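Beneath this line is the structure, given in structure tokens, with notes to follow.
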Amino acid sequence: MDREFQAYKRRVEAKRASLPAPPPGAASEKPKDADDLAVFPLEHARLRVMPIYLGILWGSAIIYGWLVQQNVSLAGPLVFQFFIGYSSTAVMQVSQVMLVDLFPGRGASITANNNLCRCLIGICADAIPLMVLEWRGGIVWRAKRAERNRKEEDRRKEKRERKERAKREKEKAGGKTVGAAGEEEDSDAGQQHAFPEPVRRIVTPHD
């Protein structure tokens, strides 16, 4: 944030230096100092990075919810949890620093009020609407989720049964092939025993 503030400050100083000088005889106005927060566009300098952090926060939250719904690997939601935490902390720090700049010398009071307002807004914006939504539609949503989980389990069970059936058929076909090969070997051996080759006697002179 300090780098962005200094960059915007240099831009403001360059813009004021490029203004034309007042004509001779006109009432000369004291040049404005960029360090004077009373005349410095503080909101532009501090809030210029806020849209970037908000975009990262909203995009990461949407992708995180989609990944959790799709039941993907745990690594995906963990990665986007990091971006959600980083962007939410950055948004809070930007607003905190701007409030401290608007009320110099009251940093402790501003920090306490900011935290109090943030917690109250969180309760009013999140806890109460969520409680009402859960009260009115919790039973219906839970029933739909149970039905969706049951269908998903049936699909998985059917897929496992198809795999096991294909495995048994493959093993059965392999057993038939082995049996046929064994029968051929037995038939060849039987033919050899049924028709033995004649034994030739060698006649020597002593006989």
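The values are calculated or read from the model by the stated rules, or taken from the named source; none is laboratory data. Quantities reported herein were computed from a predicted structural model and do not represent experimental measurements. Heads up, the Cβs are rebuilt from the backbone with ideal geometry, glycines too, and the neighbour counts pull from every protein chain shown. To get the accessible areas, we keep the full protein, side chains included, count just its heavy atoms, and leave off ligands, DNA and RNA. Shrake-Rupley method; radii C 1.70, N 1.55, O 1.52, S 1.80 Å.
Extending 7 Å from Cα along the Cβ direction at I128 and again at A14 yields two label points whose distance is 4.9 nm. Between Q69 and R118, the contour length at 0.36 nm per residue exceeds the alpha carbon distance by 14.7 nm. Which shape class applies to segment 113-171: rounded if a/c is under 1.5, otherwise prolate when a/b exceeds b/c and oblate if not, where a ≥ b ≥ c are the square roots of the Cα gyration tensor eigenvalues? The shape class here is oblate. Summed over the residues of segment 40-82 and divided among them, the accessible surface reaches 66 Å² per residue at a probe radius of 1.4 Å. Extending 7 Å from the Cα toward the beta-carbon at both V97 and W58 defines two label points whose distance is 2.3 nm. Extension gain for the segment R142 to H44, taken as residue separation times 0.36 nm less the Cα-Cα distance, is 30.6 nm to one decimal. Is the shape of segment 59-126 best called rounded, prolate or oblate, per the rule: a/c under 1.5 gives rounded, else a/b larger than b/c gives prolate, else oblate, with a ≥ b ≥ c the square roots of the Cα gyration tensor eigenvalues? In terms of gyration-tensor shape, prolate. At full extension, R106 and R165 could sit 13.8 nm farther apart than now, given 0.36 nm per residue minus the alpha carbon distance. Accessible area per residue was computed with a 1.4 Å probe on protein heavy atoms; S109 scores about 70 Å². Between D154 and S88, the simple label model (points 7 Å from Cα in the Cβ direction) yields a spacing of 3.8 nm.
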